[in-house]
Structure formats: C-alpha cells, structure tokens
1. Which of the residues that make up region A:157-184 are within 12 Å of chain B (Cβ to nearest Cβ) and β-branched (Val, Ile, Thr)?
2. Taking the condition of a type in the set (A, V, I, L, M, F, W, C), under 30 Å from A:Met247 (Cβ atoms) and surrounded by fewer than 22 Cβ atoms within 10 Å (Cβ to Cβ), does B:Leu141 pass?
3. Give region B:221-265 a look and list any residue that's among the aliphatic types (A, V, I, L, M), more than 24 Å from A:Pro133 (Cβ to Cβ) and more than 18 Å from the chain's Cα centre (by Cα), or say none.
4. Go through region A:8-111 and tell me which strands (runs of 3 or more DSSP E), entirely inside it, have 1 or more residues that are closer than 25 Å to A:Ile289 by Cα and over 23 Å from the mean Cα position of the chain (by Cα).
5. Would you be able to say whether some residue in region B:315-330 is in contact with a strand residue (DSSP E or B) (Cβ under 6 Å, 6 or more places away or on another chain) and surrounded by fewer than 22 Cβ atoms within 10 Å (Cβ to Cβ)?
6. Please work out which residue is farthest from A:Ala83 (Cα to Cα), limiting yourself to region A:1-53 and to residues that are of a type in the set (Ser, Thr, Tyr) and touching a residue at least 60 places away in the same chain (Cβ under 8 Å).
7. Find all pairs meeting these conditions: Cβ atoms under 7 angstrom apart; at least six residues apart or on different chains; first residue within region A:248-262 and free of Cβ contacts under 8 Å to residues at least 60 places away in the same chain; second residue of a type in the set (Asp, Glu) and part of a helix (DSSP H, G or I).
8. Taking region A:250-262, which residues are facing another protein chain (nearest Cβ under 7 Å) and either part of a helix (DSSP H, G or I) or under 10 Å from B:Phe263 (Cα atoms) (or both)?
There are 2 protein chains.
Amino acid sequence: MQIALDAMGGDHGHEELITGALLAVKQAGLSVSLVGDEVLLHKHLDSLAPDGKTAKLIKIVHSSQVIGMNEHPVDAVRKKKDASVMVAFDLVHQGEADAAVSAGNSGATMAAAIRKLGRLSGVSRPGIASIFPTLKKPVVLMDIGANVDCRCQHLLQFAIMASAFSRINGVIKPRVGLLTIGEETGKGNSLIKETYPLLEKSSLNFIGNVEGRDVFQGNVDVIVCDGFVGNICLKVSEGLAEAAMLMLRDEILKSISAKIGYFFARKAFRAFRKRVDYAEYGGAPLLGINGVGIICHGKSSSQAIKNAILEAAEMVKRNINRDILESLAASNNVVQLEN
Amino acid sequence: MQIALDAMGGDHGHEELITGALLAVKQAGLSVSLVGDEVLLHKHLDSLAPDGKTAKLIKIVHSSQVIGMNEHPVDAVRKKKDASVMVAFDLVHQGEADAAVSAGNSGATMAAAIRKLGRLSGVSRPGIASIFPTLKKPVVLMDIGANVDCRCQHLLQFAIMASAFSRINGVIKPRVGLLTIGEETGKGNSLIKETYPLLEKSSLNFIGNVEGRDVFQGNVDVIVCDGFVGNICLKVSEGLAEAAMLMLRDEILKSISAKIGYFFARKAFRAFRKRVDYAEYGGAPLLGINGVGIICHGKSSSQAIKNAILEAAEMVKRNINRDILESLAASNNVVQLEN
C-alpha cells in the first residue's frame, strides 16, 4: 500500500507532516510518498529519520509548485499543474499510489482530485464528509462545503456515500439522519421536504430528521445536509470549542483556588481539549471521486496526519468505492435519480 | 410599564416563571401581568410573595387554555383562542400591556404575536433574533428559525432589524456580518451571493462575510442568515456546549486528582457553565411585529425570565419599532425592496 502525502500543505510546516508519515509507516505496513520540494523534504527527512529502515518506506516525489491556503481552488489547480497536491493525485491516477492525503487548501484538494481522478460513475456531486466527536461514537456529517447549492438527489447520494464511509469505520448498519430544524416529518426548508421522502424510500437505514443539538448526542451515525449548512455546522462547532476553552481558562485565571484546581485537574483538561479538538480527528474523506483522497485540517498535528494516512489505507483496503457503487445501484432500483 | 408574562410556558413550571417576574418588578419600576390559570397562579404567587407590596405590582390575568411544547404552532393558535400566550399578546394589542414574554412553544409564540399584533409596516417577514455569547460582547444572530426559505430582501431586513436591537443593547454602530462559508466576497450559496450586494449598498455598517468560527470571536455585532441556517447554528451550539460539559465531567471523574482539582476550581466551572448556557441569556426578541415580544428558552431560569422582562421593557422604552421603521425607510431609499 502506497499513500501519497502532499508534504507542502498544512499550517504547521513540513516537520509535522513528515513526522505523521513516519508514525504511519511505523504503525502499519504501508509506504508513503512525500510530494513536494525534494531538496527541502530530503533535508527534513534525514534529520527526522536518520535510520535507513524507516526511510526505505518513505519515497520523495518532487513537485515544483505549491497552492497557498488562500488561492482560488479552481484557478490554482488550472494554473499550477505541478503543485504538490496535483502531483499527489496524479500518482493515484498513474497507479503509483493508492490514495492521496493533503492538509493544504481544501477546495484545491477537492478540485485536484476531481481533475486527476474524475467522479465515480453515477455520482452527480462528489463531496466532503467530516467526523464529529459526540458523547458516544463519532458521527459522519456530509457534505461539509464542496456543494453549497444542492438538490434532493445530491443529499440522497451524500447519505449513500457517508453510510459507506461509516461502514468502513465499523458501523454495520449506519443510522442516517437528515439535519433540519425539528424532529417531526415536514419540518425544514424546501430542500429538506423534498429529500425526506427520497431517504425514506431508499434502502438506507434512515431514522428521520435530526436537529442541530443531536449532532453531539451520538444517537445517529450519518448526518446529511448541504455543503453550506454542513460547513457552517463544522465551523461553528470548531469556533465554539475554541472559544469555550478560552472562556474556561479565563474563569480559572480569576482565582488562586481555581488555578490550584487546574493544576490537579490538568490531565483531565488536556484529555477534554483533545476530545473537542477537530484537528485531532484525522481527516475528511473526499467521497464520490474515482479513487481515495483525504483532506486534513490545516492545523493537523502529526498524530492527525498519521490517522488520516491510516484511514486512507483502510478506505483502499476495504474498497469503499465498490461499496458506494453497489449502494448507488441498489438505491437506483428504488429511487429514480437524475445526474 | 406593564409586561405580560405567559405564566404557563417553560419547562421548569410556574414557580420559576413567577420568581422571574418577582425579581423583575423588584429590580425595575415595572409591573407584570401573569397570564394563565388564575387559581393556580394565585396559589403560587401567595406562597412566593406573601407581602402586599410586591404583589401589588403583579396582576393575574386568567386564561383557560395552554399550548403544549409539541403542538403545531399555527393550528394551536387557531384552535386555542384562550391560550395563555394568545391572551398575553392580546393584552398588548388592547394596550393593557406594553410587551409580552413567553417561555412556551416558540412557533406558537411567533404565530400568536403575528395574529394579535400583525407585522410592522414594510416588514415582509418578522423573525426571531438570538443573543450568542462570545469572547467579547454578545452577538445578535437573526433569523433563528421563523423563516426557513428566504430571499435576499428578507436577509437585508433581518440585518436592519437586528441592528436596531443591537443599538437597544448599547452598540452605537453595529457591525453587520453575513454568515457564509468563506471570508472572500462571492463565497457562499446563491442566496448569499444575492444578499451581499444588497447589504453593501445599504446604509448599514456592513463588514462583509463572516464564517461559522467568527460567531464566538465577538468581532461582529450582528450576524445575518436565513432561519434554517440560524436555527441549526443555535442548536449545534447549544448541543456542543452541553456535550462539552458532559465530556469535561467525564474526564474529571476518571481520576481522584482531577476530582480534587474540580473541588478547588468549582466556582470557575460554574461561571464557565453559566457563560455558555444559552438558557441564561434572557430571551430571543421577535422583530418585525407591530409591538414587542420576547421568546425565552423553555429551560429558562428565573434569572433568564427576569432578564427577558427587563429586555422587553428596554425595547419598549427605547422604541425599537420606531428605529426599525426609520432604518427601513432609509434603506428603501438606497435599495429597492419587494415585500
């Protein structure tokens, strides 16, 4: 198994990314191709893994360009043909890698994946899923930003693809919920009202509407929404988790007694922070592309990069795209879809 | 100043509501009409405020019906003409109260307000605003659920009305942000793309797009979105705040040292919980109705009810609706609106 890692993306620099790759090759029987400036990457790799054994599992593939976090995705992908993220997906296209992982510009990663690999047959809109922490098992939410204006058949396909991803993660019969503003049937905007009957007729394990507050309860495995709503959900959650940590610190700094308390409870605090920190949760899978790709949070730690590489490997090993194609076919027998 | 309080709504029962009313009349020079079953309310009031002085500022107005939390708002309001929330808004309509407050069924409160008071002239869609805690000053987000399918002119009017509410709360020139999925102009779904130029042309202090993570930063005073997105934002935030408290408790219970730490830091924890607890933040104003109304969270404590009553009084005193009418007129000179 060979995973291509865009070694130029991410907010924490090459070291964090390469360390993630080293952790992954050490833990699992796979190899990683680091894609980026070869001089730079060789230098970092030599200092991080001076022993020959690990280094043998790491290959460096040169690329001369980088897409910045604020560049326009489609333009950048069109202009920078030798960008690290483009080369990473090209490796997948050429059969020289099984999957690609990037912590760079999310839009550009999606655009590069579609440009190099194309859509999976029958999928109208590939999208991005994300894993949210909950009080129980994590939940998969899709789409989180690739498709801002959706029709009901797109939401049905998100449900199908996210269910397949949930199965990869060990959920046998993923419970699918439709994100809206009330539990009763018929609650929501016009898109939701059109999507509900499609999900109901499908062969998915549709449990009905879920509300924003259900996201963190852990009573549903897959939550479906359009990319506009999903992205706001994700960013609001990230923003609140960060703000809450700052507010808590604020309150603790107000008294000596609380500071003492913090000292005794600091491990619990760290564990809590990790639990609500999105950057810790591996990556967001691109679903509906003709291959396997994962977008990581720009802030990803080496642990998160490692988790993303292992997740990508699992998606390849368990052949998620075959599962998606079969589910699409099963669904097409019941629900008539337009592309 | 006379505020009508629906004394039958809310999850915590009559005592919490009546205590809130008593706190309000003690703190501010106003009177409250408790609307609901008079026998029940007299009994509670006698036990909570046995002295004549406070009781003189509290009036009881009988109503024979109650709308449940799960009833269909429009149906319920049509059928239950003597429901407490209907009678409360009728008092405003008759000039016997200056504003109405309810912690009952939100949809029914909105429906009762519109039925009894009507829309403010020139407002196409009344909506509900909500106050979100941030790292700095609270931010007003509108709409949070009254209007799920919106057009751009509705969002412009939400911005105008929420700015007026922000001024009531002491912000002189409220900074208005448009909630979307990227900071750059042009990022978002089609509704956002149509709304952006309207806000830009308006006389509002429009600062451009804001993302989900900006909600809690406190760098914007008013955030505009449709009611579907706003409701999901609110519920996701409430859900995460609750889940985070449970996760933190979980981590603390795992070790004796952390439990000791919690003991020393418990005041800070309580202050933190209060800061992220939405039920503490008074209520959500109904904006665009021909009168003043506030919807409280079902879980509202007596403190939150008191805050809502004081907020309603402030809205009346500062004549929020005149401010809205003037801003609408100013905006109509610049931007052509359809109703």
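1. A:Thr180, A:Ile181 - these are the residues of region A:157-184 that are within 12 Å of chain B (Cβ to nearest Cβ) and β-branched (Val, Ile, Thr).
2. no
3. To start, the set of residues in region B:221-265 that are among the aliphatic types (A, V, I, L, M) comprises B:222-224, B:229, B:232, B:234, B:236, B:240-241, B:243-248, B:252-253, B:256, B:258, B:260, B:265.
After this cut, where a residue has to be more than 24 Å from A:Pro133 (Cβ to Cβ) as well, the list is B:222-224, B:256, B:260.
Across region B:221-265, the qualifying residues are B:Ile256, B:Ile260.
4. A:58-62
5. yes
6. Result: A:Thr19.
7. From region A:248-262, the pairs are A:Ala258/A:Glu251.
8. Result: A:Glu251, A:Ile252, A:Ser257, A:Ala258, A:Ile260, A:Gly261, A:Tyr262.
The values are calculated or read from the model by the stated rules, or taken from the named source; none is laboratory data. A quick note: this is a predicted structure, and the numbers were derived from the prediction, not measured. Note that each Cβ is placed from the backbone with ideal geometry, even for glycine, and that neighbours are counted across all protein chains shown.
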